[in-house]
Amino acid sequence: MMTSLFDPISLGAIDCPNRILMAPLTRGRADREGVHGPLAVEYYRQRASAGLIISEATGISKRGLGWPYAPGLWSDAQVEGWKPVTEAVHQAGGRIVAQLWHMGRLVHPSMGGDAPLSSSATTAPVRLHTFEGKQEPVEARPMTKSDVEETLADYARAAANAMRAGFDGVQIHGANGYLIDQFLRDGVNRREDEYGGSAENRCRLMREVCEAVASEIGMERTGLRLSPLGAVQGVDDSDPETLFTTAAQILDEIGLPWLEMREPGPDSTFVATEMERVSPHMRAVYGGKMGLNSDFGREDAQAMLDSGLCDFIAFGRPFISNPDLVERFRKDAPLNDWDKTTFYTRGPEGYVDYPAMGEEVTA
């Protein structure tokens, strides 16, 4: 019998009632110290019917967070800010993991407090976010062994803080041109030590981060996001099939239970690419649960499950504008359109005021 989007699935220790996951979505509603307030409680509570909510990207350290008003998980105040969020999700019958984020060379010094860190001395080809607007990028400093050890400790601490905050687990952000991706792909990683050169060496930081997190909370509560297709924020690879198949083999060896990937197509509205999917090659060597994300609707998501190429689908922007997305899919009901102009604004508009089915649209 074919697997349905509405069938349950276990992602390690997390039992999900359906295979419609809420993808991580940066929304910029925390305060300047990365602490969430009541708005986030309502936002996540409204979306608790997702099989699993993957939280917005959440900084593991001040040094690694370069997005204004994004949340963190390195301070006690941030942990306390997250507690009402996870409690509300659980009371509504949901499950939620924290996505752990280090932005690497995409952190402006005015945000991180020092030169950005990366695999190599490179400069991002995009302007960097700050509280004063976008600024010119700054050349990154190649991470030393000491920097790596400190960063691994930051990941472990953030994972432990996530559990203190009431999350069901974590997802490590290894995608979209951020720190782990800057080590994975040879377009940025020019190192000549054990973290550079071969695909296996470039996967070393990814592996060590997964193991550092798992040492704190257990591998069964650890997941990872990757983006194996196309250049993102200036990060690309000359042989993605070899790289990401190697990564999948390593993740299988260490027992990572689930992997979610942004793998866009040629018509994607976010970083389109003509490349063929790498995920089938990864699927052949990875025994955990695999999910895909990028521009899926109800029908093509179900078709992807039917193909056997993945086990779940993560939906991003449809969850922004449809807090009851699961029920809308179940009834094949029309979806609300999202408003791009409110994706990163500071108030409730476009955040907690999208109507569920049957609700009147408020002025």
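Conditions tested, residue by residue: (1) of a type in the set (A, V, I, L, M); (2) under 20 Å from Met261 (Cβ atoms); (3) touching a residue at least 40 places away in the same chain (Cβ under 8 Å).
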site: Gly93; (1), (2), (3): no, no, yes
site: His102; (1), (2), (3): no, yes, yes
site: Val107; (1), (2), (3): yes, no, yes
site: Asn161; (1), (2), (3): no, no, yes
site: Val170; (1), (2), (3): yes, yes, yes
In segment 18-34, which residues are in contact (Cβ under 8 Å) with a residue 60 or more places away in the chain and in a loop (DSSP other than H, G, I, E, B)?
Asn18, Arg19, Ala23, Pro24, Leu25, Thr26, Arg27, Gly28, Arg29, Arg32
Picking from Val148, Val107, Val138, Val126, the residue that is within 17 Å of Gly34 (Cα to Cα) and not acidic (Asp, Glu) would be Val107
Go through Ile14, Ile9 for me and flag whichever is under 15 Å from Leu224 (Cα atoms) and either touching a residue at least 12 places away in the same chain (Cβ under 8 Å) or surrounded by 19 or more Cβ atoms within 10 Å (Cβ to Cβ) (or both).
Ile14
Condition check: out of contact with any Pro (no Cβ under 8 Å at 6 or more places or on another chain), in a loop (DSSP other than H, G, I, E, B) and of a type outside the set (A, V, I, L, M, F, W, C). Does Gly187 satisfy that?
yes
Identify the residue in segment 116-138 that is surrounded by fewer than 17 Cβ atoms within 10 Å (Cβ to Cβ), in contact with a strand residue (DSSP E or B) (Cβ under 9 Å, 6 or more places away or on another chain) and not small (Gly, Ala, Ser) and, among all such residues, is nearest to Ala70 (Cα to Cα).
Lys134
So, first residue farther than 15 Å from Leu325 by Cβ in segment 286-309, second residue of a type in the set (D, E, K, R) and part of a loop (DSSP other than H, G, I, E, B), Cβ within less than 6 Å, six or more apart or across chains; the pairs are Lys289/Asp311; Met290/Asp311; Leu292/Glu263; Ser294/Glu263
Can you find a residue in segment 25-44 that is among the small types (Gly, Ala, Ser) and under 30 Å from Met304 (Cβ atoms)?
no
Hey, Pro264 hits all of (1) surrounded by fewer than 23 Cβ atoms within 10 Å (Cβ to Cβ); (2) modelled with pLDDT of 95 or more; (3) under 26 Å from Ile53 (Cα atoms) but one; which does it fall short on?
(2)
Kindly list the number of the only condition in (1) more than 28 Å from Phe131 (Cα to Cα); (2) of a type in the set (Gly, Ala, Ser); (3) crowded, with 18+ Cβ neighbours inside 10 Å that fails for Ala40.
(1)
Of all residues being within 18 Å of Glu263 (Cβ to Cβ) and surrounded by fewer than 23 Cβ atoms within 10 Å (Cβ to Cβ) in segment 207-236, which is modelled with the lowest pLDDT? Just the residue, please.
Gly230
Any residue at all in segment 122-143 that's under 30 Å from Phe329 (Cα atoms) and not in a strand (DSSP E or B)?
no
All but one of (1) touching a residue at least 40 places away in the same chain (Cβ under 8 Å); (2) of a type in the set (A, V, I, L, M, F, W, C); (3) within 23 Å of Asp181 (Cβ to Cβ); (4) touching a helix residue (DSSP H, G or I) at 6+ places or on another chain (Cβ under 9 Å) hold for Met111, so report the exception by its number.
(4)
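Yes or no, residue by residue, for (1) farther than 30 Å from Leu325 by Cα; (2) at pLDDT below 95; (3) among the hydroxyl-bearing types (Ser, Thr, Tyr):
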site	(1), (2), (3)
Pro116	yes, no, no
Thr123	yes, no, yes
Thr144	yes, no, yes
Leu152	yes, no, no
Ala156	yes, no, no
Gly166	no, no, no
Asn176	no, no, no
Scanning segment 190-212 residue by residue, the ones that are outside any helix (DSSP H, G or I) and at negative phi total 9
Tally up the residues in segment 17-28 that are farther than 16 Å from Gln99 by Cα and surrounded by 19 or more Cβ atoms within 10 Å (Cβ to Cβ), please.
3
Subset of segment 70-106 [of a type in the set (Ser, Thr, Tyr) and either within 21 Å of Gly347 (Cα to Cα) or assigned to a helix (DSSP H, G or I) (or both)]
Thr86
Do the conditions hold for Val188, that is, is it of a type outside the set (Ser, Thr, Tyr), surrounded by 23 or more Cβ atoms within 10 Å (Cβ to Cβ) and more than 27 Å from Leu11 (Cβ to Cβ)?
yes
Residue that is nearest to Leu325 (Cα to Cα) [pool: residues in segment 35-56 that are part of a helix (DSSP H, G or I) and of a type in the set (D, E, K, R)]
Arg45
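The values are calculated or read from the model by the stated rules, or taken from the named source; none is laboratory data. Here the structure is a predicted model, which means the values were calculated and not measured. As a convention, Cβ positions derive from the backbone with ideal geometry for all residues, glycine included, and neighbour counts pool all protein chains shown.
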